[in-house]
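S.K.: Sharing a structure below in structure tokens format, with a few things to ask.
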Amino acid sequence: MKLTFKYFNDALTRFKKSFIISFLLIIFSTALLTFLPYATRMFINFNSGSFNLLYFCLGILIFFALYMIINLITVVWNRTLDDFGGKYIANLSERMMTAVSKSSFADLDNIGANNIKHIMYYDNLEIFRVVGYYVPTLINCLVTILAALILSIFFDYKITLFIFLASLLGFIISFFSRRVISTAGKKENIQLKAVNNNVDSFVEAVQLIQTNNLQQHYIANTSASIGEFIKTAKSADSKIYFFTYLAAGYYSVFGIALSAILALPFAGESIVNLVFFTMLANIIISQSQKAETIIFQAIKAQISLLNTEKLLRLKPRQGNEPLDEIKDISFENVCFKYNKDYVLKDFSLNLQSGNFYVLEGVNGSGKSTILKLLMGLYPSESGDIKINGEMINEYAQNAINQQILYCGQDEIFPDGNIKNYMSLISGKEVSDEQYEKLINLVNLADIRDIQGGGENLSGGQRKKLLIIKLLLRYEDSSVLILDEIQAGLDRETSKMFNEFLKNADFSHKTVIFIEHTNKTDFSFAKKIILDNNYEKN
């Protein structure tokens, strides 16, 4: 539970005002809820003397009004909790996204893309429940129980002690029972999955079974798994039913015992006391049951908190040094591997500003890896990658992104209209005139919106968007990486692109072409051929 209160305290620190409103509503609601038994006591005493129908009806209406007020406060309270929890998970999402955006791909690969998605959605929603419901509700329960005990002890400390100890024992029994029931259910589910796996194996192996007389083997495996499931189910169901009724039976016995005690002479043998203490006991018991449920749910949520910690603790891959221009890039004896096999080993390369380079090589030769290392996405296992003589990880990530422009054929495009894409990718507001000019230049007037990350675009349309990106940003970048963006273009757009390459001023830029097909004429560029991880010029 330490992490639970850590995150709640973090939310409280960041959004104190929202929680203070919620806490004031807790105090108000608790005051009204604990006032009801006392008001009932006064109401019975008043009517036991001389009965007046008008006063009686008026009293009933007042009680109804009080319950409606409590109900309304509860609704408002839950809305404030939604606001409090919502603000926090929005802030938490921002911090997780920032951490992921600044982390190295090596660290992200260790967590896994699917796990990151799960953490940022499902685990984040679980934290919303922890911060916005579990902990505030637990506080509400404890405040209500405390207020009810204080009111009770004012009238009879012996009965109060009995109610307190009985509710505490009920809490322990319920909590222990819930853990046993949960464990039994998990064991039952494990065996049920084993049955399902055997059935899946049988269906997938039907051809093998029919051609090799293996049906008895699969029947025996399935029968054995069903037998284990039934055995586990019997044990689990016995525990589930026993402990479910144990808790329910305990509270029934507690109600009988309390009624019997209140009927004894030392308790006053009073109807007023019977109603008063029964109402208080019901409040205390219901709140303790709710608290027990909340604590159990909060314990289950610990895994979500631990997962979220993984993302928040990701270390930034880049430093804080500014970078105005890239004049020199060097790979010095760089080694890199994704799993066990090296993609690059003792790889060296030097790239100078003012030159065109074409990177060629078969699949798996390391072209994509070199680009990822150059952009700082992955750290090298050994060796140095330097920009202007300084280690690449010394520079700020924003500076690297500004100076290195990558236009890749597998790029994801943000959803929205094309004009918004231009403004977003360039970091500048694109005018209507500039938009129309670029659209006409690359002959892309037939499409206005991007959907599904660019899935609605053809290969040629995607390449045209990449050319637009290049035209918008190349003047502010000192390294241009063009990953086969010319292939698949129509003749007119390809001609325009070649004219651009011929006439644009690249004297202070490093231009790197990535070639996969060897069909494009790069006679004007220096070739870097990757073969068995060795550079050949």
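S.K.: Looking for whichever is farther than 21 Å from Ile145 by Cβ, surrounded by 14 or more Cβ atoms within 10 Å (Cβ to Cβ) and among the hydrophobic types (A, V, I, L, M, F, W, C) here; the options are Ala260, Ala220, Ala205. Which one fits?
M.R.: Going through Ala260, Ala220, Ala205 in turn, the sole match is Ala205.
S.K.: Now for a separate question. Find the helices (runs of 4 or more DSSP H) located wholly in the range 62-154 whose residues include 1 or more that are in contact (Cβ under 8 Å) with a residue 12 or more places away in the chain, among the aliphatic types (A, V, I, L, M) and under 29 Å from Ser286 (Cα atoms), and list them.
M.R.: 124-129
S.K.: Considering only residues that are surrounded by fewer than 17 Cβ atoms within 10 Å (Cβ to Cβ), of a type in the set (D, E, K, R) and in contact (Cβ under 8 Å) with a residue 24 or more places away in the chain, look in the range 433-462 and name the one that is nearest to Glu411 (Cα to Cα).
M.R.: In this case the residue turns out to be Asp449.
S.K.: Has the range 298-316 got any residue that is surrounded by fewer than 21 Cβ atoms within 10 Å (Cβ to Cβ) and of a type in the set (Val, Ile, Thr)?
M.R.: Checked against the condition, which is being surrounded by fewer than 21 Cβ atoms within 10 Å (Cβ to Cβ) and of a type in the set (Val, Ile, Thr), the range 298-316 yields at least one hit.
S.K.: Evaluate the following for Gln434: is it closer than 21 Å to Thr493 by Cα and at pLDDT 90 or above?
M.R.: Taking the combined requirement at face value, the residue satisfies it.
S.K.: Just to check your reading of the model, which residue among Ile485, Ile412 is crowded, with 20+ Cβ neighbours inside 10 Å and modelled with pLDDT under 90? First the steps, then the outcome.
M.R.: On the way: Ile412 fails: crowded, with 20+ Cβ neighbours inside 10 Å.
Step by step, each of Ile485, Ile412 is checked, and only Ile485 is crowded, with 20+ Cβ neighbours inside 10 Å and modelled with pLDDT under 90.
S.K.: Hey, does the range 509-516 have a residue that's surrounded by fewer than 12 Cβ atoms within 10 Å (Cβ to Cβ), in the same structural domain as Leu371 (by TED's automatic domain parsing) and modelled with pLDDT of 85 or more?
M.R.: If we filter the range 509-516 for residues that are surrounded by fewer than 12 Cβ atoms within 10 Å (Cβ to Cβ), which is where we start, we get none.
Within the range 509-516, not a single residue is surrounded by fewer than 12 Cβ atoms within 10 Å (Cβ to Cβ), in the same structural domain as Leu371 (by TED's automatic domain parsing) and modelled with pLDDT of 85 or more.
S.K.: Could you please give the count of residues in the range 106-121 that are exposed (fewer than 12 other Cβ atoms within 10 Å of the Cβ) and closer than 12 Å to Thr308 by Cα?
M.R.: 2
S.K.: Only one of these is part of a helix (DSSP H, G or I) and either within 39 Å of the chain's Cα centre (by Cα) or not assigned by TED's automatic domain parsing to the domain that holds Phe164 (or both): Ser288, Ser259, Ser252. Name it. Can you show your working first?
M.R.: Numbers: Ser259 fails: either within 39 Å of the chain's Cα centre (by Cα) or not assigned by TED's automatic domain parsing to the domain that holds Phe164 (or both); Ser252 fails: either within 39 Å of the chain's Cα centre (by Cα) or not assigned by TED's automatic domain parsing to the domain that holds Phe164 (or both).
It is Ser288.
The values are calculated or read from the model by the stated rules, or taken from the named source; none is laboratory data. In this text, all values refer to a predicted model and were calculated from it rather than measured experimentally. Here Cβ is always computed from backbone atoms with ideal geometry, including for glycine, and neighbour counts include all displayed protein chains.
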